[in-house]
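Notes follow once the structure below has been shown.
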Amino acid sequence: MNKKIMVTKSSLPKFSDYVETIEKLWETRWLTNNGEFHTELEKNLKEYLLSEEIELFINGHMALDLCIKALKIEGEVITTPFTFASTTHALVMNNIKPVFCDIREDNFCIDENKVEELITEKTTAILAVHVYGQVCNNDKLEKIAQKYNLKLLYDGAHAFGVKVGNRGITSYGDATMYSFHATKVFHTIEGGALAFNKNETLKSELQKLKNFGITGPESVLMPGTNGKMNEFSAAMGLCNLKILKEEIEKRQKVVFKYIELLSNIKGIRLIDYEKNKKKGIIDNYSYLPIIIDEKEAGFTRDELFSFLETKNIYPRKYFYPLITDFECYKNKFKEENLDVAKYISNRVMTLPLYADLQLDEVKYICDSIINLYNLKSQKNC
Ligand SMILES: *Cc1c(COP(=O)(O)O)cnc(C)c1O
């Protein structure tokens with residue numbers, strides 16, 4: 001294929017729909033600070049995410065950062081090393097020590113059975129990540145948090161709209177962060193949100209923190225920052241929310257095509273969507289991670305990665321390196337007992353997945369993978 005196939009491509013609403021929506025801003029001139037679109041988006045997201053409260057932010061990272069501040073989390077936080085840089089940075093930049101817990105082999109989320117042994121007197125919270133939109137064992141995590149009086153936060157950047165039965169995942173723990181970055185399933189160009197159950201204290205702390213601590217024309221109650229979402233982003237969110245159902249359906253078709261073409265290939269493991277379905281999980285098809293077992297496949301993740309590049313296919317080694325191997329974190333925090341996380345991180349890649357990816361492109365990607373198998377087995381004969 002001459003065309004480059006990138007790992008993702010941002011969705012956009014119809015140009016005319018966005019333009020018609022933002023046209024109003026030329027009349028009102030209300031461009032940010034709790035505008036009309038901002039209010040409407042919060043309302044719509046509460047419904048979509050089945051969340052009692054939604055606070056919008058300029059980006060997902062800021063939402064997480066301010067949530068940590070609002071909940072006065074400090075000391076040590078048990079978290080996962082298998083995530084995007086943002087999760088850990090949010091802790092470290094708040095002078096918190098991340099204590100890394102291993103992950104589960106089946107869904108790549110924090111291993112809830114290994115959390116308790118890491119709790120010390122300094123532990124104040126658990127920060128779990130619904131990696132690739134796969135759902136953590138929320139019930140168990142909630143029990144641990146209650147037993148030890150810890151806060152429970154979720155980085156749900158990948159998990160927009162994921163549900164368990166009729167329950168949104170936002171009802172678990174103290175808060176769930178969502179990222180609305182351009183590359184996510186649902187986006188506002190840049191943006192983010194916190195979803196949480198009714199909690200007036202948290203809500204009012206967050207509102208102060210994201211608006212310089214200002215509570216009135218002559219009243220500044222505390223130091224704060226600028227974490228507000230503007231009206232152009234909120235308008236993008238409103239437009240994208242309208243097409244989301246369709247976008248996720250298209251993603252699902254792409255994922256099912258991948259499964260059809262790759263599931264019987266030895267040495268490659270995909271997310272078990274059937275198992276999710278049995279648990280009542282409604283997926284959002286946000287990423288397509290594959291785990292390559294080099295012994296069975298006859299080639300490594302890195303070999304496949306380089307090979308696909310020669311075919312104009314650009315997956316991502318998402319998440320590699322592991323957070324503990326970042327230059328800035330190496331030898332600083334606990335690195336032992338992370339065998340599963342290390343195993344997965346060294347063998348994972350996410351294949352191209354977006355709503356407009358054509359099924360013949362999926363076929364081309366899978367044929368290319370199979371092509372490497374054939375090349376390798378010819379060599380071995
Ligand atoms: C995208 C992402 C973030 C950060 O969100 P931004 O909106 O880009 O600030 C945090 N955590 C994870 C897991 C992400 O994928």
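Remarks
- For the range 103-138 versus the range 280-355, the gap between their alpha-carbon centres in whole angstrom: 19 Å
- Sparsely packed chymotrypsin sites (Phe, Trp or Tyr not before Pro) within the range 271-346, loop by DSSP, other Cβ within 10 Å at most 14: 326
- Shape of the range 233-300, Cα gyration tensor, a/c cut at 1.5: prolate
- Of all segments of the chain bounded by GluC sites (Glu not before Pro) found in a DSSP loop with no more than 10 other C-beta atoms within 10 Å, the longest spans 1-120.
- Sorted from greatest to least, the principal axis extents spanned by the alpha carbons of the chain come out as 80, 56, 39 Å.
- Counting only protein heavy atoms and a probe of 1.4 Å, the accessible surface of the chain is 52% carbon and sulfur.
- Positive-end extreme of charge dipole, the range 175-229 - chosen from 213, 182, 226 (charges on Cβ): 182
- Ranking 302, 283 by solvent-accessible area of protein heavy atoms (1.4 Å probe, all protein chains present), from largest to smallest, gives 302, 283.
- 3J(HN,Hα) along the range 195-201: 10, 7, 6, 2, 6, 4, 5 Hz, from the Karplus curve 6.51 cos²θ - 1.76 cosθ + 1.60 with θ = phi - 60°, whole Hz, x for Gly and Pro.
- Each of 366, 328 has its accessible area taken with a 1.4 Å probe; listed largest first, they run 328, 366.
- Gyration tensor verdict on the range 61-148 (Cα atoms; rounded if a/c is under 1.5, prolate if a/b is larger than b/c, oblate otherwise): oblate
- For the chain, the dipole from Cβ point charges (+1 on Lys and Arg, -1 on Asp and Glu) about the Cα centre works out to 620 debye, to the nearest 20.
- Mean ellipticity per residue at 222 nm, deg cm²/dmol - from DSSP H runs of n ≥ 4 across the chain, formula -39500 (n - 2.57): -12000 deg cm²/dmol
- When the pairs 278/342; 275/317; 46/184; 14/277; 242/311; 3/376 are compared against a 30 Å limit on Cα-Cα distance, 14/277; 242/311 fall above it.
- In terms of overall dimensions, the C-alpha atoms belonging to the range 182-246 reach 45, 26, 18 Å along their principal axes, ordered largest to smallest.
- Whole-number accessible area per residue in Å² for the chain, which is evaluated in the context of all protein chains at 1.4 Å: 46 Å²
- Spherically averaged projected area of the range 300-381 from its Cα convex hull (nm²): 7.6 nm²
- With the charge dipole of the chain set up from +1 on Lys and Arg Cβ and -1 on Asp and Glu Cβ about the Cα centre, the Cα lying farthest toward the positive end among the listed residues 292, 119, 133 is that of 292.
- Heavy atoms of residue 68: accessible area, 1.4 Å probe, square angstrom to 10: 0 Å²
- Selection of trypsin sites (Lys or Arg not before Pro), the range 21-101, meeting DSSP coil and at most 15 other Cβ within 10 Å: 24, 29, 72
- Antiparallel content of DSSP bridges confined to the chain, in %, to 5: 55 percent
- Aspartates and glutamates with Cα under 19 Å of residue 210, excluding same-chain neighbours fewer than 8 positions away: 36, 40, 42, 53, 55, 65, 155, 174, 190, 200, 218, 231
The values are calculated or read from the model by the stated rules, or taken from the named source; none is laboratory data. Every value quoted in this text rests on a predicted model; they were computed, and no experiment measured them. Glycine gets a Cβ as well: all are built from the backbone with ideal geometry, and neighbour counts include every protein chain shown. Remember, those area values only see protein heavy atoms, side chains included, never the ligands or the DNA or RNA. Shrake-Rupley method; radii C 1.70, N 1.55, O 1.52, S 1.80 Å.
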